[in-house]
Structure formats: C-alpha cells, structure tokens
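The values are calculated or read from the model by the stated rules, or taken from the named source; none is laboratory data. Remember, it's a predicted structure, so these values are computed and weren't measured experimentally. Neighbour counts are summed over all protein chains in view; Cβ atoms, including those assigned to glycine, are modelled from backbone coordinates with ideal geometry. Please note that ligands, DNA and RNA were not included when accessible areas were found on the heavy atoms of the full protein model with its side chains. Shrake-Rupley method; radii C 1.70, N 1.55, O 1.52, S 1.80 Å.
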Amino acid sequence: MALAADSAVTIGAQKVYNTANKIFALSNFHPVAIMIYGNSNFMGVPWETIIKSFRSEIEDERLNTLVEYCEKFLEFVKEDERLVIDAAEDERVREVFNSFLLEVLSKISDLIANESDSPEPGESEVVKIIDMNMTLILEALESEEYLKNYDETFKNDFEERHKSNILEVLNENIYVELPEQTVEIIVKIALNLFSRSVFYESSGVVITGYGEKELFPSLYEFEIAGSYCGRFMYSEKLPIIIASTQDEKNNTTTASIRPFAQKEMVYSFMEGIDPFLSKVLFDSLEDIFIQLPDMLQVAMKKQFSEDEQEQIRKTGFNVIDEFENVLRKVINNRYVEPVMDIVEVLPKEELAAMADALVNLTSFKRKITKDTESVGGPTDVAVISKGDGLIWIKRKHYFKPELNHHFFKNMGRGIQW
C-alpha cells in the first residue's frame, strides 16, 4: 500500500500554506497508517493531536484486522471527553452554517442580478427568490442518506440546542425580513446539514494497512462531521479490500487506485477524460434528446402526438445509454485495465513513485491555472508492507533533523509528542 499527500492547507477563503502533515502512523509498532484530507480539525482540535493521543492510548496492542483498528480509533474519538466541549460545538455550528449560508447567498445574489425583472428588485421579490431557492436546497438535502448515529430524537435535540445559533447567523447575513415559513425552511436546512451524508466542511479520514492476521492490506475511508448533541456523526465509504483474486461478491480486488479530496486529475489520467467534461457531454446529449421532438416537428413541418414525442425521447435516451456503454467499455479496455494490470505487480519503490506522481499531477494543474493552489508544497510519500511496516519514502519536517537528534532517539523508544 502506497500513500501520497501534498502539504497545502487552506485557511479562510484563499490563504494557502504548504506546511500541513496529512499522513501519520496510526501505531508506532504495527503496519497501520492514517491520512487526513478536508478539514484538518475535529471540533477545533487538530487531527494530528488526536492521532498522536490515540497512539499513546493503543501503545503496542495488536489487533487482528484493520477493521478493529478503525473501530478502536473511531471509538476513541467518540468517547474522549476532551473533544466534547459545548462552546466548541456552538462555534462549530455557527461557523459551518455561516460558510454554507454565504455561499448560497452569493449564488442567489448572482441569480437576482442576472434574472430579475427590474434593475433593483424590491424586498418582496428578493424574499420570494430566497424562499424558492431554500426550498430547492432543502428538497435536495432530504434526498441524501443520514449520517451514522443519527436517530429520530436528533431533530428535537438539535433545534433546542442550536436554533438560536442558526437564527443569529441568519440575522447577521440577511437584511430583509423573511416570513416565518422561510425561516423554518432554513432551520430545517441547518438540521439536514449536520445529519446528512453531504455534510459541509467534513474531515476525510483514511485508515489503511494490515491487521495482525491479515496477509493483504485494506483501506477504509470515513467522512467525519463532528460531535453534535451527544452524537458522533460520520459516514463510511466503500472500502478497498485487497486479496489474491478479484471477487465482486466479497468486494475484493487485486489492485486499486483511489484519489481523495480533489480527484479530477487522477480520474482524467485513469479514464482518459476529465470527469467534468464527461458530465457536460452526457448532460448536453440529454438536453438535445429532450428537445428533439420539437426540433423534428419544425424541420419536418409535422405535428407529433404526445405518444410519438415520448417515443422519440425514449429512443434518444436509449441511444445515450448505448453510447455510455460503448464509452465505458473503451475506457476500461484502453485506459483503466492496462494501468491496473501493471499496478498489481509493481514493486514497492515504483508504487510509491506512482502515488507521488499522481499527487504532483494535480498540484501542477493547480499551479498553471487560475484556480487556488489548494494542492501543492512538498509531497509526503509512505509505503506500508506486512514485513517492514510503515516506511517513509519522502517526508518533510518543520525542523532541521541534524539539530534534533533527541527527537529520533525518542522515536526509537516509542515516545511521541
């Protein structure tokens, strides 16, 4: 298993520092690592501090499977009373909802500027547009799955605890008087923000390596929202389980590449097409076939019945499905499978070099475009093997190693700060 991570961390809207550590040993004694992406804090506490506290807690305890390491780490985060601070929870709720609200209001402002019937729309028109957009957002959120540990009492607990925080943020950012119905919709949006799998500003936690009785590595990915109203809220992604043979029934594979956070360049490399371009392509085709009956009626100067129009659209959608099947087959045969066949047999050094190159590819793209350089700085690369454990291939330090020999001596004795 090879891990690679850049060093960029974004503070505020555009301030980027290239000094962050994102890969850590989860145990000082065993072949298990953890990587962080997204929000670098949990309820105001840096993940680095939490991880190193967990290492002290687990010491040299051996666990049979990687799943057990995951469960023990998540339980540690959930149960550690030092991470459950009422003031930190209140601040986190206000902070997350404020960021979400500002983003939504920016889009609504652009919509008003571009589509309003008058140069300076009145308050009633602004309120109507806000209500319409908030309703659409709520409908979209309510279609998502709940985070783990959500229960039916969370709604009442959240509103009782945080409704005042939500209203405070709302009053600070919206200067028109909203009807009570719209305010209630926005409060429901806040509730869903903190209980659905599309949580805003979550932390990605990746745990990978070997359990004591496992011959092959595996990887588990979690999106952690935080602790709210006494509940540790998170979601779990599909794991990667490596085995000697591929078995879809048991979700095992012989090799895998998984990007985290900013994934588009890795997918472009693997599939030969940018994911955004692919989406635009299929969305455009869908729009064309939806309008096809009208275009044919004009071109042929003929009026189709409703059934005929529906049949034309259905035929068009069948064409899209067939096109997608052909494209997927070409992508798999021409791009994905040849790479994965090589990844399956790559030696450790080359596996590390590949992981490093994929991160640098994304960093280079950010550097030569107008996008914020949210991927960049030195790349840390580590390899985990059953026999050698976690080995650093590339690693930055915030200090000069030659001036801090005591640090490495203590590392050898299992002492961590």
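Given that compact globular proteins tend to follow 2.2 N^0.38 Å, what is the ratio of the alpha-carbon Rg of region 161-282 to that value?
Cα-based Rg divided by the globular estimate yields 1.52.
Run the numbers for Leu111 and Phe29: contour at 0.36 nm per residue of separation, minus the present Cα-Cα distance, in nm. Kindly include the intermediate steps, with their values, before the conclusion.
On the way: separation 82, 0.36 × 82 = 29.52 nm, distance 5.57 nm.
Gain on stretching Leu111 to Phe29: 24.0 nm.
Run the numbers for Lys365 and Lys314: contour at 0.36 nm per residue of separation, minus the present Cα-Cα distance, in nm.
Additional length available on full extension: 14.4 nm.
Using the Karplus curve 6.51 cos²θ - 1.76 cosθ + 1.60 with θ = phi - 60°, work out ³J(HN,Hα) for each residue of region 288-295 in order, rounded to whole Hz, and write x for Gly and Pro.
Here the 3J(HN,Hα) series is 4, 6, 5, 8, 4, x, 5, 5 Hz.
On a 0 to 90 degree scale, rounded to 10, what angle separates helix 47-58 from the longest Cα axis of the chain?
Result, in degrees: 40.
Under a point spin-label approximation (7 Å from Cα along Cα-to-Cβ), what is the Ile342-Glu168 distance to one decimal in nm?
Reported label-point gap for Ile342 and Glu168 is 5.6 nm.
Amide H neighbours of Tyr150 under 5 Å, at least 5 residues apart or on other chains, H built in the peptide plane: list them.
Correct list: empty.
Suppose all protein chains stay in the model; what accessible area per residue would a 1.4 Å probe give for the chain, in Å²?
So the chain comes to 57 Å² accessible per residue, rounded to a whole number.
Between helix 66-79 and the chain, what is the angle of the helix's C-alpha long axis to the longest principal axis, kept within 0 to 90° and rounded to the nearest 10?
Taking the Cα atoms of the chain, the angle to 66-79 is about 80 degrees.
Out of every Cα pair in region 308-417, what percent are spaced more than 24 Å from each other?
Of the Cα pairs, 59 percent sit more than 24 Å apart.
At 0.36 nm per residue, and after removing the present C-alpha to C-alpha distance, how many nm does the segment from Ile331 to Tyr146 gain when stretched out fully?
That pair, Ile331 and Tyr146, stretches by 63.3 nm at full extension.
Determine the dipole magnitude for region 290-339: charges of +1 sit on the beta-carbon of Lys and Arg, -1 on that of Asp and Glu, nothing else is charged, the reference point is the Cα centre, and the result goes in debye to the nearest 20.
With Lys and Arg at +1 and Asp and Glu at -1, about 240 debye.
If you scale each eigenvalue of the Cα gyration tensor by 5 and take the root, what three semi-axes come out for the chain, rounded to whole angstrom and sorted largest first? Write down the numbers at each step before the final one.
Working: eigenvalues 346, 208, 85 Å².
Taking √(5λ) for each eigenvalue gives 42, 32, 21 Å, largest first.
Can you give the calculated 222 nm mean residue ellipticity of the chain, where each DSSP H run of n ≥ 4 adds -39,500 (n - 2.57) and the sum is split over every residue, rounded to the nearest 500 deg cm²/dmol?
-16500 deg cm²/dmol
Residue by residue through region 271-285, which ³J(HN,Hα) values in whole Hz follow from phi under the Karplus form 6.51 cos²θ - 1.76 cosθ + 1.60 (θ = phi - 60°), with glycine and proline marked x?
Calculated HN-Hα couplings, in order: 10, x, 8, 5, x, 5, 4, 4, 5, 4, 4, 6, 5, 5, 4 Hz.
Which lysines, on any chain, are close to Lys400 with Cα under 16 Å apart, when same-chain ones fewer than 8 places away are left out?
Reachable lysines: Lys409.
Top mean-square fluctuation among Gly230, Gly209, Gly389, Gaussian network model of the chain, C-alpha springs under 10 Å?
Among Gly230, Gly209, Gly389, the largest GNM mean-square fluctuation belongs to Gly230.
Residue by residue through region 391-399, which ³J(HN,Hα) values in whole Hz follow from phi under the Karplus form 6.51 cos²θ - 1.76 cosθ + 1.60 (θ = phi - 60°), with glycine and proline marked x?
10, 7, 8, 9, 8, 8, 10, 7, 10
What accessible surface, in Å², does a 1.4 Å probe find on Thr362, ignoring ligands, DNA and RNA and rounding to the nearest 10?
Result for Thr362: roughly 10 Å² accessible.
Packing-wise, with mean Cβ within 10 Å as the measure, how do 285-293, 78-86 rank, highest first?
Per-residue mean Cβ counts within 10 Å order the peptides as 285-293, 78-86.
Specify the residue with the greatest mean-square fluctuation among Gly211, Gly387, Gly226, computed from a Gaussian network of the chain linking alpha-carbon atoms under 10 Å apart.
Among Gly211, Gly387, Gly226, the largest mean-square fluctuation in the Gaussian network model of the chain belongs to Gly387.
First measure r as the distance between the Cβ atoms of Val298 and Glu123, then evaluate 1/(1 + (r/R0)^6) with R0 = 41 Å and state the FRET efficiency to the nearest 0.05.
Computed FRET efficiency for Val298 and Glu123 comes out at 0.45.
Using only Cα atoms and rounding to the nearest 10 degrees, what angle (0 to 90) does helix 86-115 make with the longest principal axis of the chain?
Roughly 40 degrees, rounded to the nearest 10.
For Arg196, enumerate residues with amide H under 5 Å from its amide H, sequence gap 5+ or separate chain, H modeled in the peptide plane.
Leu147
Over the chain, what percent of the accessible surface lies on carbon and sulfur atoms, probe 1.4 Å?
Ligands and nucleic acids excluded, carbon and sulfur reach 52 percent.
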